[in-house]
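Enquirer: So that we are looking at the same thing, I have put the structure below in structure tokens.
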Amino acid sequence: MFKRILVPVDDSELSEKAIQVSVSLARQLGAALTGFVAEPLPPMVSGPYPRSQMLQESQEHDAMTAAHARLILQRFEACALAAGVPFDGYHDQVPQVSHAIIAAAEARGCDMIVMATHGRGAFGEFLFGSETKAVLAGCKLPLLVLR
């Protein structure tokens, strides 16, 4: 039924829960996992900075976010492989996380998404937004939401 599951992860406790549940689910279903880390774009620099300084800061940001994403994905991969679940992972720098998750699922041929949510309630969503809700609204794939 489900052959490839996308699991967006970050470095949070909720993300760890998504990893554990998705590995167990994939093992039971005989599915493969795709881990995805959405990193922020470099901050916009304004002011009288030399172009070379802006380029250097952008390159440093790229290196730092890539290293952070690799660390998260290595832990996820170790967990998946220990359970005998095929895994691939990748990261991208994105302006909008929910759109990137949907695009990642489509690009990687995933047929399900597993995400964790904070479950902040209406007021919390008003203040902080909800990536999970945005993915649910914009995606046609089944979405397993963990709290």
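The values are calculated or read from the model by the stated rules, or taken from the named source; none is laboratory data. The model shown is predicted, which means the values in this text are computed figures rather than measured ones. FYI the Cβ positions are ideal-geometry reconstructions off the backbone, even for glycines, and counts take in every protein chain you see.
Enquirer: Count, please, the residues in segment 87-102 that happen to be free of Cβ contacts under 8 Å to residues at least 40 places away in the same chain and surrounded by 15 or more Cβ atoms within 10 Å (Cβ to Cβ).
Expert: Residues flagged as free of Cβ contacts under 8 Å to residues at least 40 places away in the same chain and surrounded by 15 or more Cβ atoms within 10 Å (Cβ to Cβ) within segment 87-102 amount to 2.
Enquirer: Can you work out which of the residues in segment 95-104 that are of a type in the set (Gly, Ala, Ser) and under 10 Å from the mean Cα position of the chain (by Cα) is nearest to Glu131 (Cα to Cα)?
Expert: In this case the residue turns out to be Ser98.
Enquirer: Need the failing condition index for Ala83 against (1) crowded, with 18+ Cβ neighbours inside 10 Å; (2) at pLDDT 95 or above; (3) small (Gly, Ala, Ser), just the number.
Expert: The failed condition is (1).
Enquirer: Taking the condition of a type in the set (A, V, I, L, M, F, W, C) and farther than 23 Å from Leu146 by Cα, does Ala67 pass? It would help to see each step written out before you state the result.
Expert: Working: of a type in the set (A, V, I, L, M, F, W, C): yes; farther than 23 Å from Leu146 by Cα: yes.
Judged against the criteria, Ala67 is a match.
Residues checked against (1) farther than 14 Å from Met115 by Cβ; (2) modelled with pLDDT of 95 or more; (3) surrounded by fewer than 24 Cβ atoms within 10 Å (Cβ to Cβ):
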| site | (1), (2), (3) |
| --- | --- |
| Met1 | yes, no, yes |
| Ile5 | no, yes, no |
| Ser12 | no, no, yes |
| Ser22 | no, yes, no |
| Ala26 | yes, yes, no |
| Ala32 | yes, yes, yes |
| Gly35 | no, yes, no |
| Pro42 | yes, no, yes |
| Pro48 | yes, no, yes |
